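What follows is a set of notes on a single structure, which appears directly below.
The values are calculated or read from the model by the stated rules, or taken from the named source; none is laboratory data. Just so it is clear, the model here is predicted, and its values are computed rather than measured. Neighbour counts run over all protein chains shown; Cβ positions are idealised from the backbone, glycine included. Areas reflect the complete protein model, heavy atoms only, side chains present, ligands, DNA and RNA absent. Shrake-Rupley method; radii C 1.70, N 1.55, O 1.52, S 1.80 Å.
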Amino acid sequence: MLLDMKQWKHVFKLDPDRELSDDQLDRLCLSGTDAILVGGSSGVTYDNTVDLLARIRRYEVPCVLEVSNQDAIVPGYDLFFIPIVLNARDPQWIVGHHHQALREYGAILDWQQVMTEGYIMLNGESTAALITEADTQLDTKDVEAYVRMADRLFHCSIVYLEYSGVFGDMNIVSRARDLLHHSRLFYGGGIDGPDKAREAAKAAHTVVVGNVVYEQFEQALATVEAVKTI
Ligand SMILES: CC(C)=CCC/C(C)=C/CC/C(C)=C/CC/C(C)=C/CC/C(C)=C/CC/C(C)=C/CC/C(C)=C/COP(=O)(O)OP(=O)(O)O
Ligand SMILES: O=P(O)(O)OC[C@@H](O)CO
Ligand SMILES: [Mg+2]
């Protein structure tokens, strides 16, 4: 299956470590979202990642694994997104884990299935920012520099502005999108319903809806139509 990630406007991020009923998963997969991204920053294991893949595979929706843990690299996903946390203070999250994973999988990888995500962590209180020891005290020029780094120097498929848990500054998001030449801009963080989804979709290429799936399910579902009707 050849997937054109460049067309995606809306993505649900599902956490293998959190509960969803079959009925909820059915509604998410048939919602019209462009893809399901499987990932989380803690509690992700091989078993729960296989399990969620098997459940999503009943549907036609593209299914992507965002690799956050080398022990939970599961074959069978359509694509693999590899985060590179540009503002991590600990280089393990920029190249270290990647180096280890490529020692194991580098020779057998289907590179057409692999896409890099240049992450810029912007909420210092999120689990992912804490784990990666990200420097989130960034001004606009700092963010712009990271955006150019991901796009122009590293040619990342995706630049990911990550506000996980809080809604971000849409001026920064749209400025970032305007700087890009090669990468697609993903925005994630604090989208709690259709209004914020619409706002974020005006600023980024693709919006990622995560926690609200587990907190206010109907609001999460409503984000799809909001984004698609812009
Ligand atoms: C045959 C076969 C198995 C093929 C596949 C092989 C393949 C694809 C190999 C990959 C090779 C490779 C280079 C892998 C990278 C390995 C790795 C572990 C890299 C590190 C990734 C990284 C920087 C993780 C840090 C944390 C992070 C950025 C997670 C991303 C997801 C995220 C931010 C989730 C939000 O999580 P949530 O739980 O919602 O947390 P909050 O509390 O913040 O909301
Ligand atoms: O969980 P939320 O805050 O929606 O963020 C989505 C995603 O960017 C998390 O990696
Ligand atoms: Mg989360």
**Asked** Hey, among A197, A220, which residue is closer than 17 Å to R18 by Cβ, crowded, with 17+ Cβ neighbours inside 10 Å and in contact with a strand residue (DSSP E or B) (Cβ under 7 Å, 6 or more places away or on another chain)?
**Response** A220
**Prompt:** If we scan region 49-56, do we find a residue that is of a type in the set (D, E, K, R), over 21 Å from R148 (Cβ atoms) and open to solvent by less than 80 Å² (accessible area, probe 1.4 Å)?
**Reply:** yes
**Prompt:** Any idea how many residues of region 77-98 are over 18 Å from I131 (Cα atoms) and either over 18 Å from the mean Cα position of the chain (by Cα) or in contact (Cβ under 8 Å) with a residue 40 or more places away in the chain (or both)?
**Reply:** 3
**Message:** Given (1) under 22 Å from V64 (Cα atoms); (2) part of a helix (DSSP H, G or I); (3) away from ligand 2 (no atom under 13 Å from the Cβ), identify the lone condition not met by C156.
**Reply:** (2)
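Could we say that S68 is within 16 Å of ligand 2 (Cβ to nearest atom), in contact with a helix residue (DSSP H, G or I) (Cβ under 6 Å, 6 or more places away or on another chain) and touching a residue at least 24 places away in the same chain (Cβ under 8 Å) here?
Working: within 16 Å of ligand 2 (Cβ to nearest atom): yes; in contact with a helix residue (DSSP H, G or I) (Cβ under 6 Å, 6 or more places away or on another chain): no; touching a residue at least 24 places away in the same chain (Cβ under 8 Å): yes.
Here the answer is no, as S68 does not meet what is asked.
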**Complete:** Residue count, region 187-230, condition part of a helix (DSSP H, G or I) and either within 12 Å of ligand 1 (Cβ to nearest atom) or in contact (Cβ under 8 Å) with a residue 60 or more places away in the chain (or both), comes to 14
